[in-house]
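Derivation of every value follows stated rules applied to the coordinates shown; laboratory data play no part. Predicted model, so just to flag it, every value in this text is computed and none were measured. Ideal geometry is used to build each Cβ from the backbone, glycine not excepted, and the neighbour counts take in all protein chains shown.
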Amino acid sequence: MAIIMLVCAPVSDPRGPSPLSGIDPEGDGASRSFTLRLATMADAAAIAELIDASLTALLADLLTPAQIAHSRTFMALDRQLIEDRTYFLVTDQSCRILGCGGWSFRATLYGGDRSAGRDDIRLDPQSDSARIRAMYTRPGFARRGIGRMILEESEKAAARAGFGAAILHATLGGEPLYRTCGYHEISRSLDGGFPIVIMGKDLTCL
């Protein structure tokens, strides 16, 4: 099993990247550095490409082709997250995006720019849960700590913004990671035949 060791400094200045020390063993023993930074609109096309690649490869063993096709109607780029400066990227030395994800202080729980039922009203940190949003990892880099790193940084940012809890929409592929990271199941349903697990976590201990 491939092992990646990553050490991430908090993103204290949202305008600048945070370097990571990393080992990405792909059989060649090479050591590579990774960077955690906020996404910008210039990254939009690359993020959309990563999302499509992730849906195609990482859900293929869990869902039917019809379910994966339906997922593309709502699992897509949400530029509001980029505009709100709450969306993170992990890149390698060549600036290739290996993972993306973030959090939101708006009511929308999941979906892309054109998804039905969007609600961009601002949440109240005193009574609402922050949203963990749009977590994707590039095929070939799953289960190497990249998703966990983005998730932890998102939780810390939401906690700094005053939120005491977070909720998220999990796919069957992402559910094991979220359970490992302390999330519990709230509900389980289908969106057009696509399985959705709503999960939550207490952030007050962060």
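Taking the Cα centre of each part, how many Å lie between segment 44-76 and segment 100-145?
So the two Cα centres are separated by 16 Å.
Rounded to the nearest 0.05, what FRET efficiency is calculated for C205 and R72 with R0 set to 35 Å and r the Cβ-Cβ distance? Don't skip to the answer; put the middle values down first.
Values: r = 36 Å, r/R0 = 1.03.
E between C205 and R72, to the nearest 0.05, is 0.45.
If you plug each phi of segment 79-94 into the Karplus form 6.51 cos²θ - 1.76 cosθ + 1.60 with θ = phi - 60°, what whole-Hz ³J(HN,Hα) values come out, in order, with x for Gly and Pro?
5, 4, 4, 5, 4, 7, 6, 10, 10, 10, 10, 10, 10, 9, 5, 8
Take the Cα pairs of segment 37-88, get the Kirkwood Rh, then feed it into Stokes-Einstein at 10 °C and 1.306 mPa s and tell me D in µm²/s.
Details: Rh = 11.9 Å.
Answer from the Stokes-Einstein relation: 133 µm²/s.
How large is Rg/Rh for segment 132-188, to two decimals, with Cα atoms and a Kirkwood Rh?
Radius of gyration relative to Kirkwood radius: 0.95.
For segment 19-163, with equal point scatterers placed on the C-alpha atoms only and solvent neglected, what are the log10 I(q)/I(0) values from the Debye formula at q = 0.12, 0.15 1/Å, to two decimals?
-0.51, -0.78
For A107 and T64, FRET efficiency with R0 = 41 Å and r from the beta-carbon atoms, rounded to 0.05? If you can, show how the numbers build up before the last one.
On the way: r = 30 Å, r/R0 = 0.74.
It comes to 0.85.
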